[in-house]
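**Student:** Following this message is one structure expressed as structure tokens.
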Amino acid sequence: MQPIQVDTQIAIVGAGPSGLLLSQLLNKAGIKTAIIERSSKEHVLSRIRAGVLERGTVQLLEQAGVSDRMHREGHVHEGCLLSQNDLQIRINFKELTGASVMVYGQTEVTKDLYDAQDEMGTPRFHEVSEVQILDLDQPQSRVCFEHEGQSKEIRCDFVVGCDGFHGVSRQTIPKSVRKEFEKVYPFGWLGILSETPPCDEELIYAHSERGFALASMRNPMLSRYYIQVPLTDTVEDWSDDAFWAELKKRLPSAVADRMVTGPSIEKSIAPLRSFVSEPMRYQSLFLCGDASHIVPPTGAKGLNLAASDVHYLVEGLIDYYHNQSEEKLDGYSDRALARVWQAMRFSWSMTTLLHQFPEDDAFTQRMQPTALHHLAKSETARQELAENYIGLPF
Ligand code: APR
Ligand code: PHB
């Protein structure tokens, strides 16, 4: 039996932030898309992810027409804190760079994009399986999949893999073509959500001999906390009380003293890795976001890198369809990777600065407090961190 045909210009694999933002921006430019997603919409929206938005990401969401709720409910942060035991170092983004970041959960960004795409009426297929990306060397490529018990096929000009680290698109690029770089960190992050007021108005990235901790938030009554844990730990190893007690030992005592604790409404452990797969284009297939690269969350770069990939690809596709020029599409991979590697370096440096590495010798372990004390004294050092945190230019 012939598969059911869907014809479009751009087939997008994955309906996470990358795929949805790409589709929304292309649709607003009059370019047709169709999206396939392995999970249900509810499952995608159940994911708890960081939401520190760089200025470029905020501008892109404004361009996509999905920024109203973000501006109403998001929180502009003009700085963050780094701490080393009771030493608190404020990184004043506004003073050092003139810019700030927007704290607005990734789940909310994804919700806003789903609403906008539903309003756009863009074809989107959820709970698909058996996805295959074919004919990338032909004038028309094909994405074949199973959906609601039927075989379906999208015929398109280009395919964009927005299907994350475990997706099918990166694997479609022959191993002989791919060059992959990976660093797996010897620890994970145990994170909790609690319906409690955040312990500070700004994020606190804490270094302590006991291990890293991060105090973050989603809104004035929803806090997000993390502590570094060994990879051998499981969520079951950590009662709420044990978590709160350990978190307080890693934060400055003044912060710990004022902390409001409560039951966790979500608790999970995530591994940390740095990963890049080059190139981000193969024939008519492009990769965006986590499909091509993964950063440790210490620099809050994951969503923001997905946004800059989308920005570069949208520019290339608009040039292709509106001006019949392939120049920006041909330059997409190099352009996106240049920014990816800068974020890789920053995320690696923040992770290396703030976490306990069990294998480090005493000399190396002394480098961390030394670097933090330099940050406390040097405006230049704080400015270098701030310009990376608020986001290098697209
Ligand atoms: N077919 C269709 N969809 C797939 C497939 C597949 N074979 N494999 C994976 N997917 C879907 C996943 O279910 C997920 O919804 O692709 C989507 C990829 O979304 P993300 O993993 O969120 O990646 P991305 O959209 O690039 O967003 C990057 O999300 O993971 C965070 O920290 C990351 O903040 C960053 C952001
Ligand atoms: C979060 O709020 O989940 C968060 C914030 C900043 C990070 C990582 C995670 O760097």
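**Student:** Check cross-link reach from Lys267 to the aspartates and glutamates: straight Cα distance under 20 Å, and skip same-chain residues fewer than eight apart.
**Tutor:** Here the aspartates and glutamates satisfying the reach criterion relative to Lys267 are Glu42, Glu108, Glu195, Asp233, Glu236, Asp237, Asp240, Asp241, Glu246.
**Student:** While we're on this one: Among all the lysines, which ones have a C-alpha under 17 Å from Lys111's C-alpha, if same-chain residues fewer than 8 places away are not counted?
**Tutor:** Lys41
**Student:** Scale the Cα Rg of the chain by the rule-of-thumb value 2.2 N^0.38 Å and send over the ratio, two decimals.
**Tutor:** Working: Rg = 21.6 Å, N = 394, 2.2 N^0.38 = 21.3 Å.
After normalising by residue count via 2.2 N^0.38 Å, the value is 1.01.
**Student:** Right, next: Any chance you could give the angle, 0 to 90 degrees and rounded to 10, that helix 302-323 forms with the longest Cα principal axis of the chain?
**Tutor:** So the inclination is approximately 30 degrees.
**Student:** For the chain, take the longest principal axis of its alpha carbons; what is the angle in degrees between that and the long axis of helix 240-250, to the nearest 10 within 0 to 90?
**Tutor:** For 240-250 against the chain, the angle is about 70 degrees.
**Student:** Please arrange His166, His207, His126, His293 by counting, for each residue, the other beta carbons lying within 10 Å of its beta carbon, fewest first.
**Tutor:** Details: His166 10, His207 23, His126 17, His293 28.
Ranking His166, His207, His126, His293 by Cβ neighbours within 10 Å, fewest first, gives His166, His126, His207, His293.
**Student:** Something else now. Just round it to a whole percent: the fraction of Cα-Cα distances in region 39-94 exceeding 12 Å.
**Tutor:** Working: 1184 of 1540 pairs.
Value for region 39-94 (Cα pairs over 12 Å): 77 percent.
**Student:** So how strong a dipole does region 286-389 carry about its Cα centre when Lys and Arg Cβ are +1 and Asp and Glu Cβ are -1, to the nearest 20 debye? Each step should come with its number before you reach the end.
**Tutor:** On the way: 8 positive and 14 negative charges, 89 e Å.
Taking the Cα centre of region 286-389 as origin, the dipole is about 420 debye.
**Student:** Under a straight-distance cross-link criterion of Cα-Cα below 26 Å, which lysines are reachable from Lys94, leaving out those fewer than 8 residues away in the same chain?
**Tutor:** Lys301, Lys377
**Student:** Have a look at Asp257, Asp319, Asp200 and tell me which one the Gaussian network model of the chain (Cα, springs below 10 Å) gives the largest fluctuation.
**Tutor:** Asp257
**Student:** Taking Cα atoms, how many degrees apart are the long axis of helix 55-64 and the longest axis of the chain, rounded to 10 and kept between 0 and 90?
**Tutor:** 30
**Student:** If you don't mind, there's one more thing I want to ask. From the Cα gyration tensor of region 213-295, with a ≥ b ≥ c the square roots of its eigenvalues, which class applies: rounded if a/c is under 1.5, or else prolate if a/b is larger than b/c, or else oblate?
**Tutor:** Prolate is the answer for region 213-295, as a/c is 1.5 or above and a/b outweighs b/c.
**Student:** If I build a Gaussian network model for the chain, linking alpha-carbon pairs within less than 10 angstrom, which residue out of Pro220, Pro174, Pro17 has the largest mean-square fluctuation?
**Tutor:** Evaluated over the chain, the most mobile residue of the options is Pro174.
**Student:** Something else now. Between Glu209, Glu278, Glu108, which gets the highest mean-square fluctuation from a Gaussian network model of the chain, Cα cutoff 10 Å?
**Tutor:** Of Glu209, Glu278, Glu108, the Gaussian network model singles out Glu209 as fluctuating most.
Read-outs throughout are calculated quantities, based only on the coordinates presented, and are distinct from any laboratory measurement. Since this is a predicted model, take the numbers as computed values, not measurements. Note that we place each Cβ from the backbone using ideal geometry, even for glycine, and neighbour counts take in every protein chain shown.
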